[in-house]
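Scroll down for the structure; my scribbles are underneath it.
The values are calculated or read from the model by the stated rules, or taken from the named source; none is laboratory data. Remember, predicted model here, so these are calculated numbers, not experimental data. In this analysis, Cβ positions are derived from the backbone assuming ideal geometry, glycine residues included, and neighbour counts consider all displayed protein chains. Calculation scope for accessible area: heavy atoms of the full protein, side chains included, ligands and nucleic acids excluded. Shrake-Rupley method; radii C 1.70, N 1.55, O 1.52, S 1.80 Å.
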Amino acid sequence: MSLLFPAITALPEPQGDRLATFAKAPYFRDVLSAPLSKSPASPSQLQYGIFNYLPGWVNGLMSVRNRIVKRLGFEVGQTSMVPSSDQWQVGTKAGFLTVMEITDDEIISMADDRHMTFFISVKKTETSVIVSTLVNQKTLIGRVYVNAILPFHHLIARTVINNAVKAKRI
C-alpha cells in the first residue's frame, strides 16, 4: 500500500495460479490487489470496470507508444482495451487483447507478437480483485521494451485500478 494509491497492494508472484502456467523465461510478472465492493460482478465486468475508463493521459501515452513500437515490429491495436459490452466470452476482443479463458472467478486475456506475449488476469476473490500481468519476452527487443516501459506500467496499472476502486466500479 502506498500514499499515492492507498487501495492498491502489490502481492508476491504466485507460483501455482493459472497465469503462472503460461510463464516462459525471461518474463515479467506484476500482481496487484484492490478491495472488492461489487461482489456480484463477474470477472469480465470487473475487467470492464477497470479498463473501460482509462484517463486521457493514458490513452495519449498508448497512442505515442503504438506509433513508436509499430516501427520495431510490435503488433498494435486499439488504444482502448474495451469491447462494446461487459459480458465477454472466449474470443472477445478487448482492444489489443483477446479473451482466452473465463471461469467463475477469473478472466485471462492475451496478445502475442514476435517480441513478446502479454497476458492479463482479473481474478475475483471474496474480498478483492487481483489484477496480474505476465509478459513473456521472446527477443532482445522485447526485453529492452519491457524494461523501458516498467515505470509507466507501474504508474498506469496502479492509477487505473485505484480509479476503479474510488469510483466503485469494482
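Accessible area per residue for the chain, computed on protein heavy atoms with a 1.4 Å probe, is 52 Å². Per-residue surface analysis assigns R169 an accessible area of about 50 Å², computed on protein heavy atoms at 1.4 Å probe radius. Accessible area of the chain with a 1.4 Å probe: how many percent of it is carbon plus sulfur? Within the chain, the accessible surface is 59 percent carbon and sulfur.
Taking other residues whose beta carbon is less than 10 angstrom from the beta carbon of S109, and scoring Lys, Arg as +1 and Asp, Glu as -1, yields 0. Legend: residues F119, F152, sorted from most to least accessible area (1.4 Å probe; ligands, DNA and RNA excluded), read F152, F119. Taking all protein chains as shown and a probe of 1.4 angstrom, F96 keeps an accessible surface of around 60 Å². Of the residues A148, F118, I102, the one whose Cα sits farthest towards the positive end of the charge dipole of the chain is A148 (charges of +1 on Lys and Arg Cβ, -1 on Asp and Glu Cβ, taken about the Cα centre). In plain terms, the C-alpha convex hull of the chain casts an average shadow of 9.2 nm² when viewed from every direction.
Surface calculation, 1.4 Å probe, protein heavy atoms: K24 sits at approximately 140 Å² accessible.
Helix 140-166: angle to the longest alpha-carbon principal axis of the chain, degrees 0 to 90, nearest 10? Relative to the chain, helix 140-166 is tipped by roughly 20 degrees. Please label the shape of region 1-74 as rounded, prolate or oblate, based on the square roots a ≥ b ≥ c of the eigenvalues of the alpha-carbon gyration tensor (a/c under 1.5 means rounded; beyond that, a/b larger than b/c means prolate, else oblate). Note, shape of region 1-74 comes out oblate.
Summing Cβ point charges (Lys, Arg +1; Asp, Glu -1) relative to the Cα centre of the chain gives a dipole of roughly 580 debye. If you sort W57, W88 by accessible surface, 1.4 Å probe, largest first, the order is W57, W88. Among 6-16, 141-151, 104-114, sorting by the average number of other beta carbon atoms lying within 10 angstrom of each residue, highest first, gives 104-114, 141-151, 6-16.
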